[in-house]
Amino acid sequence: MQPLAVAGNFGYSDRRVDADTFEVTYRGAEVTVSSSNARNDPRLDAEKLKVHDLALLHGARLAQTEGAAAIRIVSERIDSDTDVRSHPRCRPSPFWGPPGYWGYYPHYYGYGGYGWPGSYYDCYESRWAKARATAVLTVDLVPAGTEGAEPTAAVIERLEKLYAGATYP
């Protein structure tokens, strides 16, 4: 885990709201998603879960540094930005040649010399999509046994084990 300022496009940031509350943000790396159904892509869902867990892990580490026995999520927001782009691609037919070649007639010469516009080109739309998820958690540092709270050490242990081999580009 790297701070957002060090990693650049992804990582965590935090700010103290009051003596016992932090707001932790984790911004994930860009992931490639389906251009036809980007918002419902399972890779985006997995990235949303990952940024939530990494924000929680950073919040637990902050709590551990502050000496808090437990943490409680007061509020959470997980957003994603999706960028779908397209680009027209055209390639000439396999019978590309000078006028009169492979059935091209001299009277087609008026349109660039290779046939009517679009009639001898294979055109399609190339589409791709990228998405980025961001989680913002407001975390209270609370004593052990507080209702709705998780022990700090247990959160750190669980999430470090879960994301031990996870890396971002």
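The values are calculated or read from the model by the stated rules, or taken from the named source; none is laboratory data. No experiment lies behind these values; they were computed from the predicted model shown. Here Cβ is always computed from backbone atoms with ideal geometry, including for glycine, and neighbour counts include all displayed protein chains.
Look at (1) surrounded by fewer than 20 Cβ atoms within 10 Å (Cβ to Cβ); (2) in a strand (DSSP E or B) and you find that Y12 fails only one, number (1). On the stretch given as the range 117-143, residues that are at pLDDT 80 or above, not in a loop (DSSP other than H, G, I, E, B) and not basic (K, R) total 13. Exactly one residue out of V33, V51 is crowded, with 19+ Cβ neighbours inside 10 Å, more than 15 Å from V139 (Cβ to Cβ) and β-branched (V, I, T): that is V33. Selection of first residues in the range 150-169 that are in a loop (DSSP other than H, G, I, E, B) and of second residues that are modelled with pLDDT of 85 or more and surrounded by 11 or more Cβ atoms within 10 Å (Cβ to Cβ), restricted to Cβ pairs under 7 Å at least 6 apart or on distinct chains, gives the following pairs, ordered by first then second residue: Y163/D53; Y163/L54; Y168/F10; Y168/A29; P169/A29.
With the structure loaded, tell me whether T146 is surrounded by 13 or more Cβ atoms within 10 Å (Cβ to Cβ), of a type in the set (S, T, Y) and either touching a helix residue (DSSP H, G or I) at 6+ places or on another chain (Cβ under 7 Å) or at pLDDT 95 or above (or both) or whether it fails that test. Considered against the rule, which asks whether it is surrounded by 13 or more Cβ atoms within 10 Å (Cβ to Cβ), of a type in the set (S, T, Y) and either touching a helix residue (DSSP H, G or I) at 6+ places or on another chain (Cβ under 7 Å) or at pLDDT 95 or above (or both), T146 comes out as no. Right, A60: part of a helix (DSSP H, G or I), crowded, with 16+ Cβ neighbours inside 10 Å and either at pLDDT below 90 or more than 21 Å from the chain's Cα centre (by Cα) (or both) or not? Taking the combined requirement at face value, the residue satisfies it.
Restricted to the range 66-100, and to residues there that are farther than 30 Å from I156 by Cβ, surrounded by 11 or more Cβ atoms within 10 Å (Cβ to Cβ) and more than 27 Å from the chain's Cα centre (by Cα), the residue that is modelled with the highest pLDDT is P92.
Among residues of the range 30-57 that are within 25 Å of R127 (Cβ to Cβ), those with a Cβ under 6 angstrom from a residue that is surrounded by fewer than 16 Cβ atoms within 10 Å (Cβ to Cβ) and of a type outside the set (S, T, N, Q), sequence gap 6+ or separate chain, pair up as V31/R43; V33/R43; S35/V84; S35/R127; S35/W128; A38/V84. Of the residues making up the range 33-55, those that are part of a loop (DSSP other than H, G, I, E, B) and in contact with a Ser or Thr (Cβ under 8 Å, 6 or more places away or on another chain) are S35, D41. Counting only residues that are buried (at least 20 other Cβ atoms within 10 Å of the Cβ) and under 18 Å from G165 (Cβ atoms), the range 36-48 holds 1 of them.
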